[in-house]
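The values are calculated or read from the model by the stated rules, or taken from the named source; none is laboratory data. Note that the structure is a prediction, hence the values are computed from the model and not measured. Every residue, glycine as well, gets a Cβ built from its backbone with ideal geometry; the counts of neighbours run over all protein chains shown. For the accessible areas, the whole protein counts, side chains as well, though only heavy atoms, and no ligand, DNA or RNA atoms are used. Shrake-Rupley method; radii C 1.70, N 1.55, O 1.52, S 1.80 Å.
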Amino acid sequence: MHKRNKNYNNRGNNNNNYIGYRGPPTKKNKNVEDNTSSNSGGGGRNNQHNNPFLNKKAPPPLDIYKEKEIILINDEKAPKRNNIDIWNFNDFEDDMIIIKESEQQPTHLSAKLASLLEFKRFCLIKELRNYLDKLCTTETLFYDNKPFLLDDRNNQKVGAAPSESFNRWLYEQLSTPKSKITEDDPLLKRPEVAFESKVLSEEIYSEIPFRLRSRTVKQGVQSLYTYYNNGMKWLERMNKEEEIKNICENILRELKSLKHWLDNNYHYNDLLLVEEKVKYIKENCSNLFHSIVSKYVNSICERLSKKAKEKIKELNQLEDNLDNLTVTLNYDESDALCLVHYKNNNEEDLFKLNLIHHNKLRLLYRKHNLEKDPNLNDFPYRLYSLVRRYQTFFGDLDKEEGANFHAALPEKGFNFLRKQWKVTQECFASPFNCFFKTFCSAFIDTDRYFGSYGSFFDFKPIQGSFECGPPYTLEVMNKTAEYCLELLASTDKPLSFIVFVPEWTDTEYGRLLHPDNTNYCKGHFLADSSKHEYVIGLQHLKENIGRYWTLPFPTHVYFLQNEMGSKTWPVNDTLIEQFKKVMEL
């Protein structure tokens with residue numbers, strides 16, 4: 001074990017002999033390597049008429065936009081919002097973090113080879129996304145997000161897999177324990193999770209015949225009406241199947257009862273009644289549908305896993321021809337953009353990264369690689385690999401898939417955590433959304449050059465104060481709750497986790513963290529829906545002034561500490577109330 005050193009410059013790659021970076025340009029659009037064209041969306045600042053600051057209901061933007069300042073290339077000064085830095089990369093004298101030596105030993109690849117593999121991995125994952133869409137329209141058919149069993153004699157127009165289903169499959173693999181990893185790939189660690197776990201199958205089942213939601217009375221009632229209509233369409237097709245006739249009769253009876261309940265306004269604008277009805281329908285009608293399609297859904301999961309393993313094998317056999325590979329950076333201060341351009345023969349990839357995040361990432365890279373890459377020769381390649389990895393993981397940029405998994409606490413929250421509880425590191429972050437210069441993140445192979453210790457589930461702190469905001473998927477949040485409690489029980493040194501999770505009903509993580517069930521919970525509170533904000537998951541690609549969004553659901557904050565942690569960083573009602581006010585809009 002070791003106490004964290006103030007100099008973190010040993011995370012870089014040992015290979016420093018690849019195509020050079022000539023230093024920062026001094027004029028608008030000056031190119032680092034060569035001239036490239038820009039034709040993709042994202043990045044930059046908004047026109048004045050689109051400025052959300054002019055909308056009083058929108059969260060306020062960064063101070064630079066209120067003052068109409070220009071963002072300079074390679075400016076290492078943190079921008080401010082309401083006079084608070086949006087990141088803090090200082091070395092803290094009170095940093096008490098002690099960790100066990102990490103067992104994470106990622107393969108060291110040259111920066112150039114890593115960028116090649118990342119582009120090829122993007123192509124692989126894109127093929128798998130399309131393959132899942134194809135499976136969902138071969139085994140089950142989706143019209144306008146309304147699924148039907150496919151009748152091979154009457155092929156209908158093609159649809160797609162449920163939104164985020166592929167991402168949730170990827171996310172569960174990221175939290176796979178080392179002992180269960182079966183593939184040497186940072187995104188596809190255990191493809192068989194597709195059929196071992198219920199994550200992917202439940203995402204598909206949830207759309208059959210329609211995904212029920214009941215956050216409000218109106219949403220719940222509309223959802224139930226659509227469920228009824230889709231269910232009747234399903235029955236029209238399935239009644240031809242003699243072996244499922246009895247099940248179809250039971251479904252029809254439940255659907256008619258639902259229609260009667262809706263038409264007679266039995267809900268009386270009572271959210272509790274609507275929620276109870278949704279729960280009843282899921283248990284007594286949806287499960288009947290699922291019993292019919294289970295063989296098809298199981299086939300989808302098994303075939304996706306098999307195809308993923310085939311693609312990983314192809315990637316591992318890739319020839320590494322790097323002669324013509326370049327990554328170039330172009331800058332445009334007037335639009336606050338950095339264009340990250342990958343080119344390898346006829347293959348090209350382009351990102352519009354906002355200049356604030358280019359500057360942030362360059363600063364992180366310099367801090368963590370000063371000894372091994374003092375001239376930042378590898379920075380363009382490491383930057384491309386990083387951006388490409390996260391966008392491959394998120395999926396379709398236009399649909400903003402996966403972005404909800406990447407939201408973060410705003411700087412005012414971190415500033416208070418730092419001041420009151422001496423928090424110095426995040427358990428779930430990325431180089432894009434981190435507040436501190438070290439953090440845990442999903443991908444140690446790409447993120448380590450920017451300050452990451454790797455996955456939180458492979459991180460073993462025995463002392464320190466941490467912010468812990470896991471992505472909002474049940475599987476990961478449940479594992480996070482279990483792991484935090486396990487870590488607190490494993491040390492007698494001061495250890496503290498301040499955990500941020502959504503207030504969803506009937507969750508395992510909510511049960512585990514509640515003070516009635518654990519002595520490690522020293523306090524908790526609920527941040528009300530629509531009254532607090534987060535930083536958006538696509539902050540590095542979307543318009544800079546649109547980086548904040550208001551949460552439509554409550555957030556539950558738990559203060560988890562062992563005995564020494566509670567003595568070192570006390571939690572009391574006064575501080576909790578102050579923090580709750582800080583989180584408010």
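Let's test the formula: R0 of 30 Å, r as the Cβ-Cβ distance of residue 553 and residue 302. What FRET efficiency results, to the nearest 0.05?
0.30
Using the structure shown, list the pairs from 367/412; 422/493; 245/277 with a Cα-Cα distance above 20 Å, or answer none.
With Cα atoms farther than 20 Å apart: 367/412; 245/277.
Rank these by accessible area, largest first, 1.4 Å probe: 232, 238, 564.
Reading off the accessible areas and sorting them downward yields 564, 232, 238.
Using R₀ = 25 Å, calculate the FRET efficiency as 1/(1 + (r/R₀)^6) where r is the Cβ-Cβ separation of residue 126 and residue 458; round to 0.05.
Computed FRET efficiency for residue 126 and residue 458: 0.35.
Going by the alpha-carbon gyration tensor, a ≥ b ≥ c the square roots of its eigenvalues, is the range 405-493 rounded (a/c under 1.5) or, if a/c is not under 1.5, prolate (a/b greater than b/c) versus oblate?
rounded
Does the range 429-566 come out rounded, prolate or oblate, given a ≥ b ≥ c as the square roots of the eigenvalues of its C-alpha gyration tensor, rounded meaning a/c under 1.5 and, failing that, prolate meaning a/b above b/c?
Judged from the Cα gyration tensor, the range 429-566 comes out oblate (a/c at least 1.5, b/c at or above a/b).
Please give, to one decimal in nm, the separation of the simple spin-label points placed at residue 318 and residue 564, each 7 Å out from Cα toward the Cβ.
With each label placed 7 Å out from Cα toward Cβ, I get 4.5 nm.
What's the extension gain from residue 257 to residue 215 if we count 0.36 nm per residue and subtract their Cα-Cα distance?
12.9 nm
Nearest 0.05, what FRET efficiency do residue 489 and residue 268 give at R0 = 41 Å with Cβ-Cβ as r?
0.30
As I understand it, the dipole of the range 347-499 uses +1 on the Cβ of Lys and Arg and -1 on the Cβ of Asp and Glu, about the Cα centre. Which of 416, 383, 365 lies farthest toward its positive end?
My answer, from the dipole projection, is 416.
State which entries of 279/307; 134/189; 80/372 exceed 27 angstrom in Cα-Cα distance in the structure shown.
Flagged as over cut-off: 279/307; 80/372.
Roughly how far apart, in whole Å, are the Cα centres of the range 515-532 and the range 249-284?
For the range 515-532 versus the range 249-284, the Cα centre distance is 33 Å.
Subtract the Cα-Cα distance of residue 108 and residue 291 from 0.36 nm times their separation in residues, and report this length gain in nm to one decimal.
Taking 0.36 nm per residue and subtracting the Cα distance, the gain is 61.1 nm.
Using a 1.4 Å probe on the protein chains only, how many percent of the accessible area of the range 165-287 belongs to carbon and sulfur?
That share works out to 46 percent.
Full extension from residue 525 to residue 474: what is 0.36 nm times the residue separation minus their Cα-Cα distance, to one decimal in nm?
The residue 525-residue 474 span can extend by a further 16.4 nm.
Checking the cross-link filter: which aspartates and glutamates have an alpha carbon closer than 20 Å to that of residue 522, excluding same-chain neighbours under 8 positions apart?
By straight Cα distance, residue 522 reaches 426, 467, 482, 486, 492, 503, 508, 563, 573, 577.
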